[in-house]
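Throughout, read-outs are computed from the coordinates displayed, never taken from laboratory work. Predicted, not measured: the structure shown is a model, and the values here were computed from it. Backbone-built Cβ (ideal geometry, glycine too); neighbour counts: all protein chains shown.
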Amino acid sequence: MNSKERILRTLELQPIDRVGWVPWVGAHAANLLGVNAKQLFTEADTLVAGVLKGYELYQPDGLPTLFDVQLEAEALGCEIAWSDENPPAVVGHVLEKAALNDLSIPTPDQGRFPMALDGARKIVKELGDHIAIFALIAGPFTLTLHLAGVKIFTDMYDNPDQVKKILSFASQVCEATARYYAETGVDIITVVDSLTSQISAEHFQEYVTPYHQPILGTIHRMGKQSGFFACGDATRNVEQMATIGAHFFGVDENVDLNYAREIAAKHNVAFAGNLPLASVMLFGTPEENYQAAIDCLNTGGKKGFFLCPGCDIPYATPIENVQAITRAVHSREM
């Protein structure tokens, strides 16, 4: 069983020889190359080199192509700001100066899509026979917030119909992004809708679930596996995440992994998590990282679970800390 088979079998709830390991190497890949985050997120060859370096150093079973959920928003006209150690941040919301009807679904040649898709194709060519390649796309709720700003939280009460119109458009954008990535040959397309951790289970059912169904349907029709991922304390929505229709759901350190395992088993779906980012990976020792990984492996079990950080690995995370996690994973080799 090679690494790619291990992850794909995990998502199918099939027996595996050991738990898979998927470090979310985003901006951290820039640090591995000694460059800043903007260079990684704007140059396809730099992105590919960073992912290959992560593969070399961390011996993973899967890797993402690009961890940047601002890609779609930028292509739609949102203003972004760059930092040296993080993905870009949305600082200007396009619907504050344009009407929804003025927007159209981005094509593969707009914004940074050419870079992202070129990078994905090259990563698939280099690593696709060996490990599972994940494409990460923005979820419709997160994209709606990028487009309209924080007022959507009050509009969910005061103007729900308008929020749903934006969500419907955002869902179509996410469908298109999923199609573009599927055509590059990636294995798994994960919808990252982190801001859903800030809403109630009732609002999740109303404002999240219906707008994910078309995206997940597109992913599955194109023969790809799917995931749903939310950073933050999404405990109240774990059951909603487990039943949204994806092959797996991912949680971060704020969600108890025992609880995530119980909900995953209840609904017969795979799950992933949930190494602590700052307290352990960034600021901890290799020994602490090794033990954190062992704890997660013991809790997650060997059916339908893979090990990953709670979100994308911080830029300055020490290499030896991540390698300690790899050692813990490989200590479970059968």
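In the chain, what cysteines have no partner Cβ closer than 4.7 Å?
Cys with no partner Cβ under 4.7 Å: CYS78, CYS174, CYS296, CYS308.
So which lysines can LYS151 reach, going by Cα to Cα under 28 Å and dropping same-chain residues fewer than 8 places off?
Candidates past the 8-residue exclusion: LYS97, LYS164, LYS165.
Determine, for ASP68, ASP155, the number of other Cβ atoms within 10 Å of each Cβ, and report the residues in order from fewest to most.
Least crowded to most crowded, the residues run ASP155, ASP68.
Using Cα positions and a limit of under 28 Å, work out the lysines in reach of LYS302, with same-chain residues fewer than 8 apart set aside.
Filter leaves LYS4, LYS53, LYS224, LYS266.
Of the residues ALA120, ALA293, ALA148, which exhibits the maximal mean-square fluctuation in a Gaussian network model of the chain defined by a 10 Å Cα contact cut-off?
It is ALA148.
If a helix is a whole DSSP H run, which ones in the chain reach 24 Å or further along their own axis (Cα) and hold a mean Kyte-Doolittle hydropathy of at least -0.5?
160-182
Quick one: give the max-minus-min coordinate of the C-alpha atoms of the range 204-278 along each principal axis, largest first, in Å.
Cα spread of the range 204-278 along its principal axes, largest to smallest: 35, 27, 26 Å.
Over the range 126-189, what is the mean sequence separation of C-alpha contacts under 8 Å (at least six apart), divided by residue count, expressed as relative contact order in percent?
54
Determine ³J(HN,Hα), in whole Hz, for all residues of the range 186-199 in sequence, where each value follows from phi through the Karplus function 6.51 cos²θ - 1.76 cosθ + 1.60 and θ = phi - 60°; x replaces Gly and Pro.
So the Karplus estimates, Gly and Pro as x, are 4, 8, 9, 10, 10, 8, 9, 10, 4, 6, 5, 5, 9, 10 Hz.
So what are the range 285-334's ellipsoid semi-axes, whole angstrom, largest first, if each one is the square root of 5 times an eigenvalue of the alpha-carbon gyration tensor?
Ellipsoid half-lengths, sorted descending, are 19, 13, 9 Å.
Out of residues 5 or more away from ASN274 or on other chains, whose amide H comes under 5 Å of its own, with H placed 1.01 Å from N in the peptide plane?
When sequence neighbours closer than 5 places are left aside, the close amide H contacts are CYS308.
Put one equal scatterer on each alpha carbon of the range 189-334, apply the Debye formula with no solvent term, and list log10 I(q)/I(0) at q = 0.11, 0.13, 0.15 1/Å to two decimals.
For the requested q values the scattering log ratios are -0.42, -0.58, -0.75.
Each label point is 7 Å from the Cα along the Cα-to-Cβ direction; what then is the distance between the points at HIS220 and SER168, in nm?
Result for the modelled spin labels: 2.3 nm.
Regarding the chain, what whole-number volume in Å³ per residue does the convex hull of its Cα atoms give?
112
Quick one: if you stick a label point 7 Å off each Cα along the C-beta vector at LYS125 and PHE283, how many nm between them?
Once both label points are built, they end up 4.3 nm from each other.
Working out 0.36 nm times the residue gap between ASP17 and SER331, then minus their Cα-Cα distance, what length gain in nm do you get to one decimal?
111.8 nm
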